[in-house]
Amino acid sequence: MKALLSHCAGGPESLELGELPEPQPAPGQVRVRVQACALGFPDLLLIQDQYQVRPPRPFAPGGEVAGTVEAVGAGVNGLSPGDRVIGLCFWGGMAQQVVLDAKQCIPVPEDVALDDAAALVLSHVTAYYALRDRGRLRLGDVLLVTGAAGGVGQAAVELGKAWGARVVAAASSVEKLDDAFACGADAGVVYPSGVIGKDAAKALGQSLKQALGSDGANVVLDVVGGEVAEPCLRQMAWDGRYLVVGFAGGVPKLPANLVLLRGCQVVGVSTGEWMARNRAGFMAAVRELVDMCSRGMVRPRISRRLSLAQGAEALGLLARREARGKVLVTME
């Protein structure tokens, strides 16, 4: 089978299209003919040896897949060849076939496109876990989302609106902010890219205050970090929850005195660790998201679809922060 392979640590340009033997499912596993693989920032970390785990090389990156079951191993119940499924594999998804634990597969109803289903797993699950479990988002809360045009950001905007929050989107350009508005954001703020500086940080704080209202944000979902973090923290409401999801703009240094003065919480969101520790909760979240997608409550925004041969280019979009929504690699 064809696969996009990492033979050595490096960026997207280090990947090579190659061949791997057809995988065979062990007991409790299924082999899936991949239709689409959704990409995320962890895939970039994985191929650079900067992720928590380091798979043996050569390996194919790609952790979110959707496709059709081809073969089942011994002891598998509830799945048969021909079933449409989505699954999480952490790596191996940028290939024509992949073997998954049957317990990690979720059936996809016929009214949900497999491409959409592939894009539901990590970004929407991360937003779901962050807002529902870690942020305790409530009806009527004010939610601020940074990086609101990315996969997690757009998912957070959608879910925040679905759960009755007022959503303020923050992004690095007007064009990206338009994407967040298309997902339902109520208001938006553009923040500078790179080094902000004291004056620009103060101006950003004023823009955020105007968009959020005098009481500030009950929940901040931050995937950017860097110099955007402190102006956002300064706009927290009393007893607010600041959700640390990622550091696309660098790891910030948050002043502890602001946490005290706002009476707020800084909460880490480690989706991978949660999935490992609470498999049942993760699977329940995916099932609920598939149901919400089927009912039209959420719809992943897929910005680009590229072929397996263009997989390095697809990851390059993420590396250059040019992705607006999810990027898919399709096998057809």
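Some notes on this structure:
- Hits in the stretch 228-270 - residues which are in a helix (DSSP H, G or I), touching a helix residue (DSSP H, G or I) at 6+ places or on another chain (Cβ under 7 Å) and crowded, with 22+ Cβ neighbours inside 10 Å: PRO231, CYS232, LEU233
- Any hit, the stretch 228-238, residues being at negative phi, free of Cβ contacts under 8 Å to residues at least 12 places away in the same chain and small (Gly, Ala, Ser): no
- Residues located in the stretch 250-276, provided they are under 19 Å from the mean Cα position of the chain (by Cα) and modelled with pLDDT under 95: GLY250, VAL251, SER270, THR271, GLY272, GLU273, TRP274, MET275, ALA276
- One residue stands out in the stretch 30-46 among those that are at pLDDT below 95 and surrounded by 15 or more Cβ atoms within 10 Å (Cβ to Cβ): the one that is farthest from the chain's Cα centre (by Cα), namely LEU46.
- Here the stretch 157-206 is the region considered, the condition is being polar (S, T, N, Q) and surrounded by fewer than 18 Cβ atoms within 10 Å (Cβ to Cβ), and the residue that is farthest from the chain's Cα centre (by Cα) is GLN206.
- Output for the stretch 306-332, where each listed residue is within 24 Å of THR146 (Cα to Cα) and outside any loop (DSSP other than H, G, I, E, B): ALA314, LEU315, GLY316, LEU317, LEU318, ALA319, LYS326, VAL327, LEU328
- Leading residue by the ranking (nearest to the chain's Cα centre (by Cα)) among those in the stretch 15-25 that are surrounded by 12 or more Cβ atoms within 10 Å (Cβ to Cβ) and not charged (D, E, K, R): LEU15
- For the stretch 132-156, a residue qualifies if it is surrounded by 17 or more Cβ atoms within 10 Å (Cβ to Cβ) and among the aliphatic types (A, V, I, L, M), and the qualifying residues are LEU137, VAL142, LEU143, LEU144, VAL145, ALA148, ALA149, VAL152, ALA155, ALA156.
- Residues (touching a Gly at 6+ places or on another chain (Cβ under 7 Å) and either surrounded by fewer than 16 Cβ atoms within 10 Å (Cβ to Cβ) or polar (S, T, N, Q) (or both)) located in the stretch 301-318: SER303
The values are calculated or read from the model by the stated rules, or taken from the named source; none is laboratory data. These numbers come from a predicted model, not from an experiment. Neighbour counts run over all protein chains shown; Cβ positions are idealised from the backbone, glycine included.
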